[in-house]
1. Would you mind telling me which numbered condition in (1) surrounded by 14 or more Cβ atoms within 10 Å (Cβ to Cβ); (2) in a helix (DSSP H, G or I); (3) of a type in the set (A, V, I, L, M, F, W, C) ALA115 fails?
2. Here are PRO46, PRO97: which of them is touching a strand residue (DSSP E or B) at 6+ places or on another chain (Cβ under 8 Å) and modelled with pLDDT of 95 or more?
3. Check the range 118-139 and report whether any residue there is exposed (fewer than 15 other Cβ atoms within 10 Å of the Cβ) and within 26 Å of VAL198 (Cβ to Cβ).
4. Can you tell me which residues in the range 220-250 are surrounded by 16 or more Cβ atoms within 10 Å (Cβ to Cβ) and small (Gly, Ala, Ser)?
5. Which of (1) of a type in the set (Ser, Thr, Tyr); (2) at pLDDT 95 or above; (3) more than 18 Å from the chain's Cα centre (by Cα) does SER60 not meet, given it meets every other one?
6. Run down THR149, THR143 and say which single residue is within 14 Å of the chain's Cα centre (by Cα), under 14 Å from THR112 (Cα atoms) and not aliphatic (A, V, I, L, M).
7. Could you say whether any residue in the range 191-204 is over 17 Å from HIS108 (Cα atoms), surrounded by 16 or more Cβ atoms within 10 Å (Cβ to Cβ), within 13 Å of the chain's Cα centre (by Cα) and touching a residue at least 60 places away in the same chain (Cβ under 8 Å)?
8. If THR213 meets every condition in (1) under 15 Å from the mean Cα position of the chain (by Cα); (2) of a type in the set (S, T, N, Q); (3) surrounded by 18 or more Cβ atoms within 10 Å (Cβ to Cβ) apart from one, which number is that one?
Amino acid sequence: MVTLTVKRKTIYTILAFAVITVILTAALKATSAAQVFGGKGFKKLPIYSVGRDDNKISISFDCAWGVDYTDELLTIMREENVKCTFFMVEFWVEKHPDYVKKIYDEGHETGTHSATHPHMSKLDVTAIEKELVTSSAAIEKITGEKPQTFRPPFGEYNDAVIETAQKLGLYPVQWDVDSLDWKDLSAEAIKERVLKRVKSGSIVLFHNQGLHTHEALRSIIKSLKAKGYEFVPIKELIYRDGYTIDSNGRQLKNS
């Protein structure tokens, strides 16, 4: 009798554990929030790259300080039939509305890079929201389309930044391939660095003011095309729902 009772307890324990496992698995699959398990709780993460079965990747440019090489970049992408994403700071948008319109009219995505390029993880929620709302409005005023993606300045973020962006309908985006063009690397060094790191679903970071970016870009695009990669704006690369983000920031479609 004692043996039977022990066996029943064991069976009940196993069944309870199985039920809890099923419930937790379903909950994880159902969520589309940018969360990964991290110690005492869940840490919010932006999208660094996307797990895809195809060879789609995205090129992105941060725009904050000038337009010196922007025409050259646009010419290259037009000639190579490549569409990308430009993340724009509000004061850049206000200073260069003609470039905002030109970028948008040529079929590129216009995302927000904040209003004043602050360290957003140091701001409270009200200030974060203002940065995103006013910068998005400035872009929409010119393009007629509300930005769908957001890249935090300096790559800095915390849970409040991610949650506020998501609440406003923005997908927070980082990168998994940093060209380091802001360090004024040579065109060859930029090319070598990018080609060595790109994989399916990669998001590549450039700056429209990179000193040698325009010199490296065409060769990078041609080399990646030769490897079978297809270029799309970030809004076409990411999943909109039914996804999770792993500890490396890779967005994965739920099975």
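The values are calculated or read from the model by the stated rules, or taken from the named source; none is laboratory data. Note that this is a predicted model, so its numbers are computed, not measured. Cβ placement follows ideal geometry from the backbone for every residue including glycine, while neighbour counts extend to all protein chains displayed.
1. (2)
2. Details: PRO97 fails: touching a strand residue (DSSP E or B) at 6+ places or on another chain (Cβ under 8 Å).
Sole residue among the options that is touching a strand residue (DSSP E or B) at 6+ places or on another chain (Cβ under 8 Å) and modelled with pLDDT of 95 or more: PRO46.
3. no
4. GLY249, the sole residue that qualifies.
5. So SER60 meets the others, but not (3).
6. Details: THR143 fails: within 14 Å of the chain's Cα centre (by Cα).
Checking each option against the conditions leaves just THR149.
7. So in the range 191-204, the residues over 17 Å from HIS108 (Cα atoms) come out as 191-202.
Filter again for surrounded by 16 or more Cβ atoms within 10 Å (Cβ to Cβ), leaving 191, 193-194, 198, 200-202.
Add one more test, that the residue is within 13 Å of the chain's Cα centre (by Cα), and what stays is 201-202.
Cutting the leftovers down to touching a residue at least 60 places away in the same chain (Cβ under 8 Å) gives us 201-202.
Looking through the range 191-204, at least one residue is over 17 Å from HIS108 (Cα atoms), surrounded by 16 or more Cβ atoms within 10 Å (Cβ to Cβ), within 13 Å of the chain's Cα centre (by Cα) and touching a residue at least 60 places away in the same chain (Cβ under 8 Å).
8. Of (1) under 15 Å from the mean Cα position of the chain (by Cα); (2) of a type in the set (S, T, N, Q); (3) surrounded by 18 or more Cβ atoms within 10 Å (Cβ to Cβ), only one is false for THR213: (1).
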